[in-house]
Amino acid sequence: VLVGFMGAGKTTLGPVLAERLGRSFVSVDEVVERSAGSSIAEIFGTRGEGAFRMLEERAALDVLDRRPPAVIELGGGGLGSSTTRTALVESAFTLHLETTPEEAWQRVSSSGRPLARDRDQFQALFEERRASYDAADGRARDLDGAILAAAGVHISAGALDRVGALVSGSAPVELVADEHVEALYGERVRAALNGRVAATHHVPAGERAKSAAEVVKLWSAMRVGRGGTVVVLGGGCAIDAGGFVAATYLRGISWVAVPSTLLAQVDAGIGGKTAVDLPEGKNLVGAFHWPMGTVVDPDVLATLPSAELENGRAEVVKTGLLAGEPLCDLELPEQVRRSAAFKAAVCLKDPHDQGARAQLNLGHTFAHALEAASGYSLAHGHAVALGLTAALRISGLEGDARRVEEILRPPLAAVDRDAAWAALARDKKTVDGRPRLVLLEAPGKPLVGVEIDSGVVRDALDSLIA
Ligand SMILES: NC(=O)c1ccc[n+]([C@@H]2O[C@H](COP(=O)([O-])OP(=O)(O)OC[C@H]3O[C@@H](n4cnc5c(N)ncnc54)[C@H](O)[C@@H]3O)[C@@H](O)[C@H]2O)c1
């Protein structure tokens, strides 16, 4: 539910947000006008504000009851009703779309709205209503901000020092951290959690964290009860393993992801997929368990080795291709924010990977095959960079493929061709031996589950191998 003062942009942003989240958009004001058969200005003029507020409350309760859930716009004064406020607490995520009195006045002073005719009264009303918006569950100033808030993703420089405020409640916390990252940032996170950390558990850096043995160790070491929280600090590997422990310990306790690699800030820390590996393959055991929050501090990327930064850049380039915007041209913190918001929207739309989320696999069918054939010694970002070029060439987007090569410069993979082909044929997306790929009609227009002749796919795979 979007709340905020008149002129904050709820009517403009609401339908776009709804589209990104795959939901319908409902304006409470429009429901009132339809049911009353007259405009809000007419209702104010003939029946008075009191009558309008009653109609508004009835419409809000009706809309909040509807299923499936929608993106709902509630007029600026809608929070004046305690009945509506209670219903919001019970059944909605409330997002305050912020504005200033100056910005709002500029937008609505010529609209003829009943409460926007006098500048001084407008300012007084702004001050009067300000406090009612403070109770919102999240706040944002733009579309990406709204998506991130809805997904529980908090991004800001220095966010590491504010983890305490972002891990709600006062229950004890168990910190699960990548051993390298703990040495760099563990103390700051513990200090931010202000004495709430009951224990710190180290996991090995990298993929070794994602083993059944590590998970058993963590399960056995956990002491918090069902009300406790696991805070996971590290790259995608620690996040996947720690998130899986949170998903399964005591049948699931809440967790907060504090991703420390570019890849984890734009990808692994968002969307609630957790997993560990088996000797038979990567990510074969896992659970969907959305974190209570994801705390992203782009400043921690300063210590990230450049090879790891490149890994993450491959995912930023992929996201840019899916979004139809060259996100990798932006400054790094903005790359993180925009890419994270894109992933968050796709995952909110399809939390259990049954539709829209498949697009995130652009280039990944090739990448997974190359990684498997290398015995997972090939870096994921390197494999994704190669996979993207293959997917773009099959899509007929030669210019985009060349641009990806210029940006990411991935060397050809030194792996066995037959092993890579065998791995691709085992891919979950292969149906009756025919590979299904994510392709692009154009940047920003993904095509999911496209069956491609296996000869074409094999040639493309071979072209990625030295
Ligand atoms: N769950 C998901 O949705 C999802 C999505 C994408 C990838 N993944 C998983 O993520 C994993 C890869 O994650 P990754 O690329 O983040 O690698 P990673 O977790 O292995 O981290 C890479 C290395 O960087 C070090 N490091 C991390 N942050 C650092 C920092 N700020 N400063 C210095 N060093 C730092 C780590 O110690 C490690 O050695 C894979 O297992 C993949 O399957 C999961």
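The values are calculated or read from the model by the stated rules, or taken from the named source; none is laboratory data. No experiment lies behind these values; they were computed from the predicted model shown. Quick reminder, even Gly has a Cβ in these numbers, built from the backbone with ideal geometry, and neighbours come from all protein chains shown. For accessibility, only protein heavy atoms count, side chains too; no ligands or nucleic acids. Shrake-Rupley method; radii C 1.70, N 1.55, O 1.52, S 1.80 Å.
Tabulated data for the structure shown
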| read-out | value |
| --- | --- |
| Matching residues, the stretch 166-192, being within 16 Å of the ligand (Cβ to nearest atom), buried (at least 18 other Cβ atoms within 10 Å of the Cβ) and not aliphatic (A, V, I, L, M) | Asp178, His180, Glu182, Tyr185, Gly186 |
| Extreme residue, farthest from the ligand (Cβ to nearest atom), among residues of the stretch 276-300 that are under 22 Å from Leu378 (Cα atoms) and crowded, with 19+ Cβ neighbours inside 10 Å | Val276 |
| Residue list for the stretch 200-223, filter: part of a loop (DSSP other than H, G, I, E, B) and open to solvent by less than 10 Å² (accessible area, probe 1.4 Å) | Met222 |
| Where Ala116 falls short, out of the listed (1) small (Gly, Ala, Ser); (2) at pLDDT 90 or above; (3) open to solvent by less than 10 Å² (accessible area, probe 1.4 Å) | (2) |
| Failed item in (1) touching a helix residue (DSSP H, G or I) at 6+ places or on another chain (Cβ under 8 Å); (2) open to solvent by 40 Å² or more (accessible area, probe 1.4 Å), with Ser111 passing the rest | (1) |
| The stretch 329-343, residues that are in a helix (DSSP H, G or I) and either in contact with a His (Cβ under 6 Å, 6 or more places away or on another chain) or open to solvent by 20 Å² or more (accessible area, probe 1.4 Å) (or both) | Asp329, Leu332, Pro333, Glu334, Arg337, Arg338, Phe342, Lys343 |
| Residue in the stretch 165-176 that is of a type outside the set (A, V, I, L, M) and free of Cβ contacts under 8 Å to residues at least 12 places away in the same chain present | no |
| Among residues of the stretch 389-430, those that are more than 20 Å from Val450 (Cβ to Cβ) and open to solvent by 60 Å² or more (accessible area, probe 1.4 Å), counted | 11 |
| Criterion violated by Arg251 - all others in (1) more than 16 Å from the ligand (Cβ to nearest atom); (2) on the phi < 0 side of the Ramachandran plot satisfied | (2) |
| Counted residues, the stretch 334-354 - those being at pLDDT 95 or above and over 16 Å from Ile270 (Cα atoms) | 1 |
| Boolean, Gly195 is within 13 Å of the ligand (Cβ to nearest atom) and either part of a loop (DSSP other than H, G, I, E, B) or over 30 Å from Ala18 (Cα atoms) (or both) | no |
| Any chance Ala385 is free of Cβ contacts under 8 Å to residues at least 24 places away in the same chain, buried (at least 19 other Cβ atoms within 10 Å of the Cβ) and within 30 Å of Ala425 (Cα to Cα) | no |
| Counted residues, the stretch 145-163 - those being surrounded by 17 or more Cβ atoms within 10 Å (Cβ to Cβ) and not in a loop (DSSP other than H, G, I, E, B) | 13 |
| Enumeration of residues in the stretch 227-248 that are more than 11 Å from the ligand (Cβ to nearest atom) and either in a strand (DSSP E or B) or in contact with a helix residue (DSSP H, G or I) (Cβ under 9 Å, 6 or more places away or on another chain) (or both) | Gly228, Thr229, Val230, Val231, Val245, Thr248 |
| Residue in the stretch 272-284 that is of a type in the set (A, V, I, L, M), at pLDDT 95 or above, under 24 Å from Val163 (Cβ atoms) and out of contact with any Asp or Glu (no Cβ under 9 Å at 6 or more places or on another chain) present | no |
| Filtered residues of the stretch 260-274 (kept if within 6 Å of the ligand (Cβ to nearest atom) and touching a residue at least 60 places away in the same chain (Cβ under 8 Å)) | Ser260, Leu263, Asp267, Gly271, Lys273 |
| Qualifying residue in the stretch 310-328 (condition: open to solvent by 50 Å² or more (accessible area, probe 1.4 Å), in contact with a helix residue (DSSP H, G or I) (Cβ under 7 Å, 6 or more places away or on another chain), in a helix (DSSP H, G or I) and within 14 Å of the ligand (Cβ to nearest atom)) | yes |
| Single match in Ala356, Ala442 (criterion: open to solvent by less than 60 Å² (accessible area, probe 1.4 Å), within 26 Å of Phe342 (Cβ to Cβ), touching a residue at least 60 places away in the same chain (Cβ under 8 Å) and within 16 Å of the ligand (Cβ to nearest atom)) | Ala356 |
| Helices (runs of 4 or more DSSP H) within the stretch 75-144 that include 1 or more residues under 23 Å from Ala344 (Cα atoms) | 82-91 |
| Scope the stretch 354-368; condition among the hydrophobic types (A, V, I, L, M, F, W, C) and touching an Asp or Glu at 6+ places or on another chain (Cβ under 7 Å); matching residues | Ala356 |
| Residue identified as out of contact with any helix residue (DSSP H, G or I) (no Cβ under 6 Å at 6 or more places or on another chain) and at pLDDT 95 or above among Arg357, Arg393, Arg402 | Arg402 |
| Residue ID - farthest from Gly78 (Cα to Cα), chosen from residues in the stretch 9-35 that are of a type in the set (Ser, Thr, Tyr) and surrounded by fewer than 18 Cβ atoms within 10 Å (Cβ to Cβ) | Ser24 |
| Some residue of the stretch 59-67 being among the small types (Gly, Ala, Ser), within 26 Å of Leu143 (Cα to Cα), part of a helix (DSSP H, G or I) and open to solvent by less than 50 Å² (accessible area, probe 1.4 Å) | yes |
